[in-house]
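> I'd like to ask you about the structure that follows.
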Amino acid sequence: MITGTTQLLGVIGDPVEHSLSPAMHNAAIAHLGVDIVYLPLPVPNGRLTEAIAGFEAIGLRGFNITIPHKQAIMPLLNDISDIAQAVGAVNTVGWGKTGWWGTNTDVIGFIAPLKNLERNWTNASALVLGNGGAARAVVAGCTQLGCQEIWVVGRRAEKLEAFEKSWQQSPIQLPLKTFTWEHLPELLPNATLVVNTTPVGMHPNVDTCPLSPSEMAKLPPGAIAYDLIYTPSPTQFLQQATKQGAIAIDGLEMLVQQGAAALSLWLGQAAPVDVMRQTLSVQLGLD
Ligand code: NAP
């Protein structure tokens, strides 16, 4: 029940109408019985500074950030975690003793299902398909896991070069190399983990796959195929990888775990991960 003492959390973005975060967080909040509500907060491009000042004035406890504000928010924060600085994007902000702090929980979210697998990551080679925003969290996550090598494959050489350079000032050191797409046939047979960070295969283009049949055939049995996409589940990439003997992980757990990590930072207590996962599955029609 919303009362006079109810505190506010939310998600900012433009648009935010499609966001699954309010449903996921409010289910968790109800389960915990805390006096908080989580709202969608549409903030247009160019209005971020005003919005943050307003959030401070009304005592908003924290918020998630989605497109287009994940980078723009950074100069407006008082404290940014090393991981968010390395990724170059903030997805979670909270109000603390020294003002607004920001971090990036996509990295924890990405790693969570991998940590459940018994693997020696120190001799693992991670192959990342795509070099956009999500690929940055994946690269930071693979570095945290301790992967020996991280290969990022993209379509455009100049964008790959910029991607590689952007990590040079980062607070984390990483074993990163970038390649254009035509190098995949050499890389795939030696990959332990292949992560699709491209939108290829996402609803409604459910019949597409980021790898061609001949590339797919090079995926070693026992490799881990991880698709950040959560609709459909499984994607073509995961279906074909499973046929090849790979272990498949879809993007739902990353979505759940980044949310759970944010909520536990705001509340200072463990988040009900099962409730959050169940709510998302229902919202996505996966249940
Ligand atoms: P983004 O910044 O737009 O990056 C997309 C990347 O995919 C770019 O490198 C782009 O290449 C590449 N790409 C796009 N179409 C391609 C194609 N047809 N063939 C090859 N490469 C292609 O997007 P993002 O924010 O990183 O998100 C990427 C995906 O991850 C989306 O499906 C998103 O839903 C998913 N995601 C999931 C979670 C989760 O919690 N599970 C979190 C974040 C993102 P160019 O740079 O050459 O254009």
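> Does Leu286 satisfy being surrounded by 13 or more Cβ atoms within 10 Å (Cβ to Cβ) and part of a loop (DSSP other than H, G, I, E, B)? Working first, answer last.
Values: surrounded by 13 or more Cβ atoms within 10 Å (Cβ to Cβ): yes; part of a loop (DSSP other than H, G, I, E, B): yes.
Criteria met by Leu286.
> Still on this structure, I have one more. Regarding the range 38-46, can at least one residue be identified that is crowded, with 17+ Cβ neighbours inside 10 Å, more than 23 Å from Gln269 (Cα to Cα) and either among the charged types (D, E, K, R) or outside the structural domain of Tyr230 (by TED's automatic domain parsing) (or both)?
yes
The values are calculated or read from the model by the stated rules, or taken from the named source; none is laboratory data. What you see is a predicted model, and the numbers here were worked out from it, not measured in a lab. Using ideal geometry, Cβ is built from the backbone for each residue, glycine included, and neighbour counts are taken over all protein chains shown.
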